[in-house]
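Written below as structure tokens is the structure these notes are about.
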Amino acid sequence: MALASRLSSRLVRIRERIAHTGRDPAAIKIVAVTKGRPLAACREAIELGLALGENRIQEALPKLEGMAGAEWHLIGHLQTNKVRQAAGRFALIQSVDSERLGEEIARRAPAQPILLQVNVSREAAKQGVPPESAVALARALDRLLDLRGLMGMGPLDGDPEPAFAELARLRADCEQALGRPLPILSMGMTDDFEVALRQGSTMLRLGRALFG
Ligand SMILES: *Cc1c(COP(=O)(O)O)cnc(C)c1O
């Protein structure tokens, strides 16, 4: 089967699985994670109306050049010395996890939409602010940038549910602290997206589920 029809049939299947969790597939945003995938895969995903997510700025920029009309998200760690290349070029930077990084982005693109990344799985290797610092950082980022919500990942192994439940709770805490809704809760990948949806996810970041 051609790449395009494989991708679209996988997308149909994913939407069925979303519906099975009791959530409305039309209300769940799917970000196609295209790290390590060729331009052809990016184009197919764009044709299906998906946003695209890249981890590394070096890999993302050449892809963005060719497909500037698409909705690109940065979902991987952003070093402060790479901010100049990233600020204002992504529809959403999902990986903001320090005030310093927020300040660097704000100097160049104060209207940049961002998510606050929280290390809810508490794995040392993972990016993200520790859960106990999330509300304070949300207040700081809210003054600097267009803060839209929270992003997090489940643990490498084990039950992802406690991590996702904690991220959902932190989103509610941040909403209360800011006195306004935070519409985006970005959690759920190929192996754990149904659990994430049951915990209130509004945005899935899917690589293997879409591209095999
Ligand atoms: C790679 C990656 C994904 C997608 O992973 P899959 O398991 O292939 O769905 C999602 N989010 C982040 C931050 C990633 O690095």
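Each value in this text was obtained by applying a stated rule to the coordinates, not by laboratory testing. Quick caveat, the model's predicted, so the values are computed rather than measured. Ideal geometry is used to build each Cβ from the backbone, glycine not excepted, and the neighbour counts take in all protein chains shown.
What is the log10 of I(q)/I(0) for region 3-211, computed with the Debye formula using one identical point scatterer on each Cα and no solvent, at q = 0.16, 0.19 Å⁻¹? Values, matching the q order: -1.06, -1.44.
About its Cα centre, the chain has a charge dipole of approximately 520 debye under the convention of +1 per Lys or Arg Cβ and -1 per Asp or Glu Cβ, with nothing else charged.
Computed over the chain, relative contact order equals 19 percent, with contacts defined as Cα pairs under 8 Å that lie 6+ residues apart. When S186, S98 are arranged by Cβ crowding within 10 Å, least crowded first, meaning fewest neighbours, the order is S98, S186.
A dipole drawn for region 1-125 from +1 and -1 charges on Cβ atoms has a positive end, and of F90, A109, A2 the residue lying farthest that way is A2. Here's the list of aspartates and glutamates a cross-link from K29 could span, going by alpha-carbon distance under 19 Å and ignoring same-chain residues fewer than 8 apart: E16, E44, E47, E54, E71, D146, D191, D192, E194.
For region 70-147, the relative contact order works out to 29 percent when only alpha carbon pairs closer than 8 Å and six or more residues apart are counted.
Dividing the Cα radius of gyration of region 1-108 by its Kirkwood radius returns 1.03 for Rg/Rh.
Note on region 1-54: with charges restricted to the Cβ of Lys and Arg (+1) and Asp and Glu (-1), its dipole about the Cα centre is near 160 debye. Work out which trypsin sites (Lys or Arg not before Pro) in the chain are exposed loop sites (DSSP not H, G, I, E or B, at most 15 other Cβ within 10 Å) and give the longest gap free of them. Between the exposed loop sites, the longest stretch runs 123-212.
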